[in-house]
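**Student:** Before anything else, here's the structure in question.
The values are calculated or read from the model by the stated rules, or taken from the named source; none is laboratory data. Treat the numbers as computed from the prediction; the structure is a model and nothing was measured. Cβ: placed from backbone, ideal geometry, glycine included. Neighbour counts: every protein chain shown. What goes into the accessible areas is simple: the full protein's heavy atoms, side chains included, and nothing from ligands, DNA or RNA. Shrake-Rupley method; radii C 1.70, N 1.55, O 1.52, S 1.80 Å.
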Amino acid sequence: MRPLIVCNFVTLDGCYEDATRTLAPLFEYQHPDYHADDGFDHSTLALLERAGTLLLAGHESALNNLRYWQGVLTDPKATDVRRAFARRIAQIEVVIVSDHLTPADRAAFPNARAVRVADAPGTVRTLKGQPGGPLLILLSRLLWNDLLTRGLVDELHLTTFPLLAGPGGTPLFTGRPPVQFRLIRSETFPGSGNVLSVYDVTRTAAAGA
């Protein structure tokens with residue numbers, strides 16, 4: 001059975017993004033000692049290289065994500081680790097969860113296919129039963145929160161950034177899913193101040209019943 005791994009970051013105040021629904025403003029008050037550290041890139045790349053399928057959610061967000069990494073391939077200022085990340089994005093099977101994706105949207109991404117939102121849980125169950133590397137979700141908070149509630153997430157990789165989203169920030173979790181978290185390992189990144197916590201996820205006995 002292929003595990004489903006979720007990789008996300010979280011601010012010290014428990015948020016996914018700030019009130020503007022973007023990420024860049026979060027770094028306005030980043031400590032100067034941590035500028036340009038790429039430890040998070042390396043950690044995420046290791047997950048991506050091990051994975052067999054990448055799941056993305058949302059019409060515009062998924063397409064913008066894929067377009068961004070296409071641009072990295074030809075960006076002379078891109079770091080080596082980000083180029084490696086972009087190459088893997090272009091190779092791995094990508095499943096986009098969206099009701100609005102068209103064949104024309106996917107034309108530039110031959111390794112991607114779309115599934116409708118209502119079909120996502122069933123698709124994930126089918127993929128988990130197939131041979132291959134782990135399923136991986138990067139960001140896509142609403143998608144993995146729903147799959148968490150359904151008992152389909154096996155591991156949660158949360159990297160805490162020493163940043164604050166402030167008032168109006170989007171909480172990382174929606175609701176209180178009937179799951180239990182067991183810490184598998186943790187790791188600190190002195191160059192960035194980040195702390196990675198990896199959790200095994202299981203449904204509670206009551207939810208299982």
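**Student:** Among the residues of the range 123-136, is any in contact with a Pro (Cβ under 8 Å, 6 or more places away or on another chain), open to solvent by 60 Å² or more (accessible area, probe 1.4 Å), within 20 Å of I5 (Cα to Cα) and part of a loop (DSSP other than H, G, I, E, B)? Spell out the reasoning first.
**Tutor:** Within the range 123-136, the subset in contact with a Pro (Cβ under 8 Å, 6 or more places away or on another chain) is 128, 134-135.
Next, from what is left, pick out any that are open to solvent by 60 Å² or more (accessible area, probe 1.4 Å): none.
No; the residues of the range 123-136 include none that is in contact with a Pro (Cβ under 8 Å, 6 or more places away or on another chain), open to solvent by 60 Å² or more (accessible area, probe 1.4 Å), within 20 Å of I5 (Cα to Cα) and part of a loop (DSSP other than H, G, I, E, B).
**Student:** Counting only residues that are aliphatic (A, V, I, L, M) and part of a helix (DSSP H, G or I), which one in the range 36-78 is most open to solvent (accessible area, probe 1.4 Å)?
**Tutor:** Initially, the range 36-78 is screened for residues aliphatic (A, V, I, L, M), giving 36, 45-48, 51, 54-57, 62-63, 66, 72-73, 78.
Restricting the remaining residues to those that are part of a helix (DSSP H, G or I) gives 45-48, 62-63, 66, 72.
Working: L45: 17, A46: 58, L47: 21, L48: 0, A62: 2, L63: 1, L66: 8, V72: 7 Å².
Out of the qualifying residues, it is A46.
**Student:** Could you list, in sequence order, the residues of the range 1-18 that are part of a loop (DSSP other than H, G, I, E, B), under 16 Å from R141 (Cβ atoms) and modelled with pLDDT of 95 or more? Before you say what the answer is, go through the steps one by one.
**Tutor:** Filtering the range 1-18 down to residues part of a loop (DSSP other than H, G, I, E, B) leaves 1-3, 12-14, 18.
Those still in the list that are under 16 Å from R141 (Cβ atoms) too: 13-14, 18.
Matches in the range 1-18: D13, G14.
**Student:** Answer yes or no: is there a residue in the range 13-24 that is touching a Lys or Arg at 6+ places or on another chain (Cβ under 8 Å) and touching a residue at least 60 places away in the same chain (Cβ under 8 Å). Don't jump to the end; show me each part of the working.
**Tutor:** Taking the range 13-24 as the starting set, the residues that turn out to be touching a Lys or Arg at 6+ places or on another chain (Cβ under 8 Å) are 16.
If we keep only those that are touching a residue at least 60 places away in the same chain (Cβ under 8 Å) too, we end up with 16.
Yes, the range 13-24 has at least one match.
**Student:** Before we move on, is E28 more than 13 Å from the chain's Cα centre (by Cα) and open to solvent by 80 Å² or more (accessible area, probe 1.4 Å)? If you could, list the steps in order and put the result at the bottom.
**Tutor:** Working: more than 13 Å from the chain's Cα centre (by Cα): yes; open to solvent by 80 Å² or more (accessible area, probe 1.4 Å): yes.
Considered against the rule, which asks whether it is more than 13 Å from the chain's Cα centre (by Cα) and open to solvent by 80 Å² or more (accessible area, probe 1.4 Å), E28 comes out as yes.
**Student:** Can you name the residue in the range 59-90 that is among the small types (G, A, S) and modelled with pLDDT of 95 or more and, of all such residues, is nearest to L138 (Cα to Cα)? Before you say what the answer is, go through the steps one by one.
**Tutor:** Restricting attention to the range 59-90, the residues satisfying the condition of being among the small types (G, A, S) are 61-62, 71, 78, 84, 86, 90.
Still in the running and modelled with pLDDT of 95 or more: 62, 71, 78, 84, 86, 90.
Numbers: A62: 11, G71: 18, A78: 20, A84: 16, A86: 14, A90: 15 Å.
Once the filter is applied, the top-ranked residue is A62.
**Student:** Oh, and also: Residues to consider are L158, L142, L163; find the one that is assigned to a loop (DSSP other than H, G, I, E, B), closer than 22 Å to T44 by Cα and out of contact with any Pro (no Cβ under 6 Å at 6 or more places or on another chain).
**Tutor:** Values: L158 fails: assigned to a loop (DSSP other than H, G, I, E, B); L142 fails: assigned to a loop (DSSP other than H, G, I, E, B).
L163 is the lone residue from the list that is assigned to a loop (DSSP other than H, G, I, E, B), closer than 22 Å to T44 by Cα and out of contact with any Pro (no Cβ under 6 Å at 6 or more places or on another chain).
**Student:** Within the set of pairs 6+ apart or on separate chains, which have a first residue in the range 175-192 that is among the hydrophobic types (A, V, I, L, M, F, W, C), a second that is part of a loop (DSSP other than H, G, I, E, B), and C-beta atoms under 8 Å apart?
**Tutor:** Between residues of the range 175-192 that are among the hydrophobic types (A, V, I, L, M, F, W, C) and residues that are part of a loop (DSSP other than H, G, I, E, B), the close pairs are V179/G151; V179/V153; V179/T204; F189/D37.
**Student:** Okay, moving on. Read through the list (1) of a type outside the set (K, R); (2) out of contact with any helix residue (DSSP H, G or I) (no Cβ under 8 Å at 6 or more places or on another chain); (3) touching a residue at least 60 places away in the same chain (Cβ under 8 Å), then give the number of the only condition that V124 fails.
**Tutor:** Among (1) of a type outside the set (K, R); (2) out of contact with any helix residue (DSSP H, G or I) (no Cβ under 8 Å at 6 or more places or on another chain); (3) touching a residue at least 60 places away in the same chain (Cβ under 8 Å), the lone unmet condition for V124 is (2).
**Student:** Another question, then. With the requirement that a residue be touching a helix residue (DSSP H, G or I) at 6+ places or on another chain (Cβ under 9 Å) and either more than 24 Å from T22 (Cα to Cα) or open to solvent by 20 Å² or more (accessible area, probe 1.4 Å) (or both), what does the range 181-204 give you?
**Tutor:** Scanning the range 181-204 gives E187, F189, P190, G191, G193, V201, T202.
**Student:** Does A114 meet the test of being open to solvent by 20 Å² or more (accessible area, probe 1.4 Å) and part of a strand (DSSP E or B)? If you could, list the steps in order and put the result at the bottom.
**Tutor:** Details: open to solvent by 20 Å² or more (accessible area, probe 1.4 Å): yes; part of a strand (DSSP E or B): yes.
Yes: the conditions hold for A114.
**Student:** Still on this model: So the check is Cβ under 7 Å with 6+ separation or different chains; which pairs have a first residue in the range 56-77 that's touching a residue at least 24 places away in the same chain (Cβ under 8 Å) and a second one that's open to solvent by 80 Å² or more (accessible area, probe 1.4 Å) and not in a helix (DSSP H, G or I)?
**Tutor:** Close Cβ pairs (under 7 Å, with a partner that is open to solvent by 80 Å² or more (accessible area, probe 1.4 Å) and not in a helix (DSSP H, G or I)) amount to H59/H100.
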